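Structure first, commentary second.
The values are calculated or read from the model by the stated rules, or taken from the named source; none is laboratory data. Quick caveat: nothing in here was measured; it's all calculated off a predicted structure. All Cβ positions, even for glycine, are placed from backbone atoms using ideal geometry, and neighbour counts span all protein chains on display.
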Amino acid sequence: MELAVNTLVVLILGMLIVGGGIALVYNIYDAGVKLPEEVGKRTEARLFDMLLNGDQRIAVLDNVQTIARGKTATFAVAIQNELEGQTSTFKVVDIKQVTPDPRTCTQQSCPEALMLGTTYTVPRYENKAFYVGVNVPKSAPSGEYVFMIKVNHLPTSGPEELYARSKVHVVVE
């Protein structure tokens, strides 16, 4: 009889430990699934805080990044609409390497900017965030590369009517 009671106690304790382990693994998995969304919200909050507290119409978060060859540097960018009217449309006109001179490296070895979406409609006094990537080939020479992000208000009658511009720096190790 005593042996049967001890066996029941061990079985109950074992079930509790297994149940606790399953609950722990589920909580860790659930937190991992929610992490990218939380990071995205925090990134947008920091960007919009930079816009509100600064005098710029465009803000770039972490505008200097060190990256290894064969990787992509991702920059979070935000536009603040200060123009008259209900909504305004903005276009990322150009993301162009300005230093060093892009002619000093071949097509295969120069880091290349990737625009993820180029036209944005933003209500007045509101902000819109987007991402810009800079792809660094494995053959890219070490050094610092500076890219100019130019944003136009549409419709524009000329190429020089910029709404805002900003720079991002990519340091290749």
Which pairs do you get when a residue that is free of Cβ contacts under 8 Å to residues at least 40 places away in the same chain, found in the stretch 123-151, comes within reach of a residue that is in a loop (DSSP other than H, G, I, E, B), reach meaning Cβ atoms under 7 angstrom, with the pair 6+ apart or on two chains?
Pro141/Cys105; Pro141/Ser109; Ser142/Glu173
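Would it be correct to say that Ala129 is among the hydrophobic types (A, V, I, L, M, F, W, C), modelled with pLDDT under 85 and over 30 Å from Thr104 (Cα atoms)?
On the way: among the hydrophobic types (A, V, I, L, M, F, W, C): yes; modelled with pLDDT under 85: yes; over 30 Å from Thr104 (Cα atoms): yes.
It is true that Ala129 is among the hydrophobic types (A, V, I, L, M, F, W, C), modelled with pLDDT under 85 and over 30 Å from Thr104 (Cα atoms).
Scan the stretch 80-87 and tell me whether some residue there is under 21 Å from Asn135 (Cα atoms) and part of a strand (DSSP E or B).
If we filter the stretch 80-87 for residues that are under 21 Å from Asn135 (Cα atoms), which is where we start, we get none.
No.
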Output for the stretch 121-155, where each listed residue is in a strand (DSSP E or B) and of a type in the set (Ser, Thr, Tyr):
Thr121, Tyr131, Tyr145
Can you name the condition, by its number, that Thr156 falls short on among (1) exposed (fewer than 13 other Cβ atoms within 10 Å of the Cβ); (2) among the polar types (S, T, N, Q); (3) at pLDDT below 85?
(1)
Flagged pairs (Cβ under 7 angstrom, 6 or more apart or on separate chains; first in the stretch 32-46, among the β-branched types (Val, Ile, Thr); second surrounded by 10 or more Cβ atoms within 10 Å (Cβ to Cβ)) are Thr43/Leu61; Thr43/Ala76
Which condition number in (1) modelled with pLDDT of 80 or more; (2) aliphatic (A, V, I, L, M); (3) outside the structural domain of Ile149 (by TED's automatic domain parsing) is the one that Val64 fails?
(3)
Scanning the stretch 102-115 for residues that are farther than 12 Å from Ser139 by Cα and either at pLDDT below 70 or of a type in the set (S, T, N, Q) (or both) gives Pro102, Arg103, Thr104, Met115
Can you tell me which residue in the stretch 53-84 is nearest to Glu173 (Cα to Cα), limited to those that are in contact with a strand residue (DSSP E or B) (Cβ under 8 Å, 6 or more places away or on another chain) and without any contact (Cβ under 8 Å) to a residue 24 or more places away in the chain?
Asp62
